[in-house]
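Participant: First, the structure itself, so that you have it in front of you.
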Amino acid sequence: MTDVPAALDDAAIDKLFREARTHNKFRPDPIPDETLQKLYDILKFGPTSANSSPARFVFVRTPEGKKKLEPALSAGNHDKTMSAPVTAIVAYDPKFYEKLGYLFPHNLDAKSWFTSNDALAATTAFRNGTLQGAYLMLAARTLGLDIGAMSGFDNAKVDEAFFSASGWRSNFLCNLGYGDPEGLFARSPRLPFDEACLLA
């Protein structure tokens, strides 16, 4: 029997999942740009289909950036987003396949899989961009940051304000910072294994 890789210890699993929370209120401590770059340099290694890496990120952390974002926010997400040190716009590039010559060099025909099939390109961009957004949340927790991912905004307004030149499309928002426990709700339940899983 071959050796299996060692699992993370309980403290690491707690930090990533079991004790980690979605934060609605953050301390005012800023996040250095170097930390945001480190965050991306971790999350970029998460797997995507054909290494397509369609996600694009805007780290909104200046008053000017927040002012651009503000009109797109729902009332329930306004205050916590405007006060968070950083709000990541998790987006994706519908033309991600233009980078496949670099990202997937062992099959130089990969671009044609998507240029010949609009539906496949759209599904691949959205699915894998969403995966990368989840990698961002987990990577943030490894760096000691807290997160607050959310919908509740006008995608069209975000796209117009931030992506009119690039053609990228927004997926969801994620506030980043150092959480204030006063903003936490009681933890909601999760479904047990027998209700959410099948063994086939």
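None of the figures in this text is laboratory data; all of them are computed from the coordinates on show. These figures come from a predicted structure and were not determined experimentally. Cβ coordinates were reconstructed from backbone atoms using ideal geometry, including for glycine residues, and neighbour counts include every protein chain displayed.
Participant: Only residues that are in contact (Cβ under 8 Å) with a residue 24 or more places away in the chain and among the polar types (S, T, N, Q): list them for segment 108-133, please.
Facilitator: Answer for segment 108-133, where residues must be in contact (Cβ under 8 Å) with a residue 24 or more places away in the chain and among the polar types (S, T, N, Q): Thr124, Asn128, Thr130, Gln132.
Participant: Next question, about the same structure. Is it the case that Gly167 is of a type in the set (Gly, Ala, Ser), in contact with a Pro (Cβ under 7 Å, 6 or more places away or on another chain) and part of a loop (DSSP other than H, G, I, E, B)?
Facilitator: Yes.
Participant: Name every residue in segment 108-153 that is more than 30 Å from Phe17 (Cβ to Cβ), in contact with a helix residue (DSSP H, G or I) (Cβ under 8 Å, 6 or more places away or on another chain) and of a type in the set (A, V, I, L, M, F, W, C), in order of residue number.
Facilitator: Leu108, Ala110, Trp113, Phe114, Leu120, Ala121
Participant: Same structure again: Condition first: more than 13 Å from the chain's Cα centre (by Cα), under 19 Å from Tyr178 (Cα atoms) and outside any loop (DSSP other than H, G, I, E, B). Now tell me which residues in segment 28-63 satisfy that.
Facilitator: Selection gives Asp33, Glu34, Thr35, Gln37, Lys38, Val60, Pro63.
Participant: Related question: So, of the residues in segment 113-138 that are in a helix (DSSP H, G or I) and of a type in the set (Gly, Ala, Ser), which turns out to be farthest from Asn51 (Cα to Cα)?
Facilitator: Applying the filter and picking the extreme gives Ala119.
Participant: State the number of residues belonging to segment 96-153 that are within 19 Å of Trp168 (Cβ to Cβ), acidic (Asp, Glu) and surrounded by 14 or more Cβ atoms within 10 Å (Cβ to Cβ).
Facilitator: Going through segment 96-153 one residue at a time, the tally reaches 0.
Participant: From the residues in segment 78-93 that are surrounded by fewer than 20 Cβ atoms within 10 Å (Cβ to Cβ) and touching a residue at least 40 places away in the same chain (Cβ under 8 Å), which one is farthest from Gly183 (Cα to Cα)?
Facilitator: That would be Pro85.
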